[in-house]
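S.K.: If you scroll down you'll find the structure; I have some questions about it.
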Amino acid sequence: MMMCKEATRLMSLRQDRPLTFQERLSLRLHLAMCGACRECDRQFTLLHGVGRRFGPAEDDEPPASSS
């Protein structure tokens with residue numbers, strides 16, 4: 001059985017790249033049994049969506065460095 005620490009690592013990783021079949025299966029099994037990780041997954045998804053929606057616009061320039 002996957003531990004919660006590994007499950008949260010996979011949830012975070014899933015926001016950046018597709019998971020392998022084995023990773024998806026392991027995470028899905030863990031989420032089926034762990035309510036705390038289901039809530040964490042919901043929050044990861046929400047935060048990632050908000051970040052995408054309200055992130056910097058394409059025409060925004062990065063702040064000038066003060067060096």
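S.K.: How many residues are open to solvent by 70 Å² or more (accessible area, probe 1.4 Å) and either not aromatic (Phe, Trp, Tyr) or not in a helix (DSSP H, G or I) (or both) when one looks only at the range 21-49?
M.R.: 15
S.K.: Which pairs have Cβ atoms under 7 Å, sit 6 or more apart or on different chains, and link a residue in the range 31-47 that is closer than 18 Å to residue 3 by Cα and without any contact (Cβ under 8 Å) to a residue 40 or more places away in the chain to one that is surrounded by fewer than 16 Cβ atoms within 10 Å (Cβ to Cβ) and among the basic types (Lys, Arg)?
M.R.: 31/38
S.K.: Output the number of residues of the range 1-18 satisfying the condition of being closer than 21 Å to residue 47 by Cβ and either in contact (Cβ under 8 Å) with a residue 40 or more places away in the chain or surrounded by fewer than 16 Cβ atoms within 10 Å (Cβ to Cβ) (or both).
M.R.: Of the residues in the range 1-18, 10 are closer than 21 Å to residue 47 by Cβ and either in contact (Cβ under 8 Å) with a residue 40 or more places away in the chain or surrounded by fewer than 16 Cβ atoms within 10 Å (Cβ to Cβ) (or both).
The values are calculated or read from the model by the stated rules, or taken from the named source; none is laboratory data. Bear in mind that the values here come from a model prediction, so they are computed numbers and not experimental data. For neighbour counting, all protein chains shown are included, and Cβ atoms are generated from backbone atoms with ideal geometry for every residue, glycine included. To get the accessible areas, we keep the full protein, side chains included, count just its heavy atoms, and leave off ligands, DNA and RNA. Shrake-Rupley method; radii C 1.70, N 1.55, O 1.52, S 1.80 Å.
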